[in-house]
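Here is the structure we will look at.
The values are calculated or read from the model by the stated rules, or taken from the named source; none is laboratory data. Every value quoted in this text rests on a predicted model; they were computed, and no experiment measured them. All Cβ positions, even for glycine, are placed from backbone atoms using ideal geometry, and neighbour counts span all protein chains on display. To get the accessible areas, we keep the full protein, side chains included, count just its heavy atoms, and leave off ligands, DNA and RNA. Shrake-Rupley method; radii C 1.70, N 1.55, O 1.52, S 1.80 Å.
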Amino acid sequence: MAASASPSRLALLVALLLLAGWASAANQNQNQNQTRGFRPGDELRRYRRVQALLRRLNKPALRTIQSPDGDLIDCVAAHLQPAFDHPRLHGQRPLDPPARPKGHHHRRPNDTAGAGTQLWAASGEACPEGSVPIRRTTEADVLRASSVRRFGRAPAARVRRDSVAGGHEHAVGYVAGDEFYGAKASINVWAPKVSTASEFSLSQIWVIAGSFGNDLNTIEAGWQVSPQLYGDNSPRFFTYWTTDAYQTTGCYNLLCSGFIQTNSRIAMGAAISPTSAYNAGQFDISLLVWKDPNHGNWWLEFGSGELVGYWPSLLFTHLASHASMVQFGGEVVNTRASGAHTATQMGSGHFAGEGFGRASYFRNLEVVDWDNSLVPLAAGFHVTADHPSCYDIQGGVNAVWGNYFYYGGPGRNVRCT
């Protein structure tokens, strides 16, 4: 009788055969891969970087919730969220909420628009107390970025009074030249069309300090449509921060160590639902950013009283003290991919002059002063658009909306080429 091979010898034989087959296939494809610029060593290093990033961002989940749009929302223990990987935050836990600024009121009963919420919560599932909902980052998300290193970071030149370099175009209102400790607005939510994956369309609040050089500090919050970052064309609630003009610090949402989330019901980067429709229902989200006078951290409120979390003061240089400018409005990227101006829309995709139900708006604009009080904008509020034939803006004041403006546009048209 022939002796049977041991399991270990069989495993070794199979491994050798597989290795020989892989080597043969690699030799056959070597010339073809070189012609295409494919280098196995580079691809392996890139794969390892991607996997390491995913392990760092996707923390162990207590529960995972499937959103109707395909997103996975992981409920992560609050003290394990990415912020606490920061060397100066390691081992800490989220702080208790501070008092809101004086004069802060929740949504008025006579508001003309409904409140937007988040699609993932439609199932009725929720994260347990003591955890925070975090949109899971996938390999496909990372591979859409220009590089693994730049994943989750914005391109430079994203503030209107900096420049329009890199194809960034704005229609914004702003106040400057004073000390600001926060800002508040209600922002109309739409789903603008974005022409290419490398472009985006957003509407947001900027809280700004520093010069418009390499030391620019910003805190940002609003909604955005960004196919490259999220893989679809849905408007999503987002945040951003930087301390060096978008160069090496900061990121969107929780895609680096920085923002500390305290809320178990709001997921940054998750889709907002419902959205506004032309000549139909209008929906907006209210956002408040303010500096806690006791600890110096910058807190964020979403909707009707939902405290999302805070940016620790230690992240910043100039914003560790106060802001010197507050900006509200829309921004798009125009890559001129077809050799002409992009057809990426801003806001509703319609010009400001069309008014309510057709053009997108910001309303009830306020800032937080030195006394931690919400106050209306002073006479120094200005509106401006980089290219009014592509995207424009019109401001006003009334008894219900306070300071407001309509803004946006279709991009490419007979006057915008």
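This table checks each residue for (1) modelled with pLDDT of 95 or more; (2) over 10 Å from the mean Cα position of the chain (by Cα); (3) open to solvent by less than 10 Å² (accessible area, probe 1.4 Å).
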| residue | (1), (2), (3) |
| --- | --- |
| 221 | yes, no, yes |
| 238 | yes, no, yes |
| 241 | yes, no, no |
| 256 | yes, yes, no |
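For beta carbons closer than 9 Å, sequence separation of 6+ or different chains, a first residue in region 192-218 that is in a strand (DSSP E or B) and a second that is open to solvent by 10 Å² or more (accessible area, probe 1.4 Å) and among the basic types (Lys, Arg), the qualifying pairs are 201/193; 205/184; 206/160; 207/291; 208/161. Evaluation of residue 285 against the conditions (1) at pLDDT 95 or above; (2) among the hydrophobic types (A, V, I, L, M, F, W, C); (3) assigned to a loop (DSSP other than H, G, I, E, B) shows that the sole unmet condition is (3). Looking at 195, 234, 211, 201, just one residue is in contact with a Gly (Cβ under 9 Å, 6 or more places away or on another chain) and open to solvent by 10 Å² or more (accessible area, probe 1.4 Å), and that residue is 195.
Listed here are the residues, each with its yes/no results for (1) in contact with a Phe, Trp or Tyr (Cβ under 7 Å, 6 or more places away or on another chain); (2) over 20 Å from residue 408 (Cα atoms).
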site: 192; (1), (2): no, no
site: 214; (1), (2): no, yes
site: 253; (1), (2): yes, yes
site: 263; (1), (2): no, yes
site: 281; (1), (2): no, no
site: 296; (1), (2): no, yes
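Being at pLDDT below 95 and either open to solvent by 10 Å² or more (accessible area, probe 1.4 Å) or aromatic (Phe, Trp, Tyr) (or both) narrows it down to one of 337, 320, so name that one. Checking each option against the conditions leaves just 337. Quick one: which of 166, 182, 177, 124 is modelled with pLDDT under 95 and under 19 Å from the mean Cα position of the chain (by Cα)? Only one candidate qualifies: 166. Of the conditions (1) at pLDDT below 95; (2) open to solvent by 20 Å² or more (accessible area, probe 1.4 Å); (3) not β-branched (Val, Ile, Thr), residue 245 fails just one. Which one is it? In the conditions (1) at pLDDT below 95; (2) open to solvent by 20 Å² or more (accessible area, probe 1.4 Å); (3) not β-branched (Val, Ile, Thr), residue 245 misses (2) alone.
Screening residue 296 against (1) buried (at least 21 other Cβ atoms within 10 Å of the Cβ); (2) free of Cβ contacts under 8 Å to residues at least 40 places away in the same chain leaves a single unmet condition, (1). A search for C-beta distances below 9 Å between a residue of region 139-159 that is among the aromatic types (Phe, Trp, Tyr) and any residue that is part of a loop (DSSP other than H, G, I, E, B) and at pLDDT 90 or above, counting only pairs 6+ apart in sequence or on different chains, returns 151/137; 151/144; 151/145; 151/251; 151/255.
One residue stands out in region 263-282 among those that are within 19 Å of the chain's Cα centre (by Cα) and either among the aromatic types (Phe, Trp, Tyr) or more than 17 Å from residue 126 (Cα to Cα) (or both): the one that is surrounded by the most Cβ atoms within 10 Å (Cβ to Cβ), namely 275. Taking the criterion of being among the basic types (Lys, Arg) and in a loop (DSSP other than H, G, I, E, B), the only residue of region 340-391 that qualifies is 358. The set of residues in region 32-66 being open to solvent by less than 60 Å² (accessible area, probe 1.4 Å), modelled with pLDDT under 95 and either closer than 17 Å to residue 120 by Cβ or in a loop (DSSP other than H, G, I, E, B) (or both) consists of 37 alone. Among the residues of this structure, residue 350 does not count as one that is open to solvent by 20 Å² or more (accessible area, probe 1.4 Å), touching a strand residue (DSSP E or B) at 6+ places or on another chain (Cβ under 8 Å) and over 26 Å from residue 392 (Cα atoms). The requirement of being within 30 Å of residue 97 (Cβ to Cβ) and not small (Gly, Ala, Ser) is fulfilled nowhere in region 335-358; no residue meets it. With respect to the conditions (1) touching a residue at least 60 places away in the same chain (Cβ under 8 Å); (2) buried (at least 19 other Cβ atoms within 10 Å of the Cβ); (3) of a type outside the set (D, E, K, R), residue 357 lacks only one, and its number is (2).
Can you name the residue in region 299-317 that is part of a loop (DSSP other than H, G, I, E, B) and either touching a Gly at 6+ places or on another chain (Cβ under 6 Å) or modelled with pLDDT of 95 or more (or both) and is also most open to solvent (accessible area, probe 1.4 Å) among such residues? Checking each candidate, the answer is 317.
Here is the figure for region 110-121: residues that are at pLDDT below 85 and open to solvent by 50 Å² or more (accessible area, probe 1.4 Å) total 3. Within region 48-68, residues that are more than 18 Å from residue 260 (Cα to Cα) sit with their Cβ atoms under 8 Å from residues that are in a helix (DSSP H, G or I) and open to solvent by less than 50 Å² (accessible area, probe 1.4 Å), at 6+ positions apart or across chains, in these pairs: 50/142; 53/142; 54/142; 65/120; 67/119; 67/120; 68/119; 68/120. Checked against (1) under 23 Å from residue 103 (Cα atoms); (2) touching a Cys at 6+ places or on another chain (Cβ under 8 Å), residue 376 passes all but condition (2).
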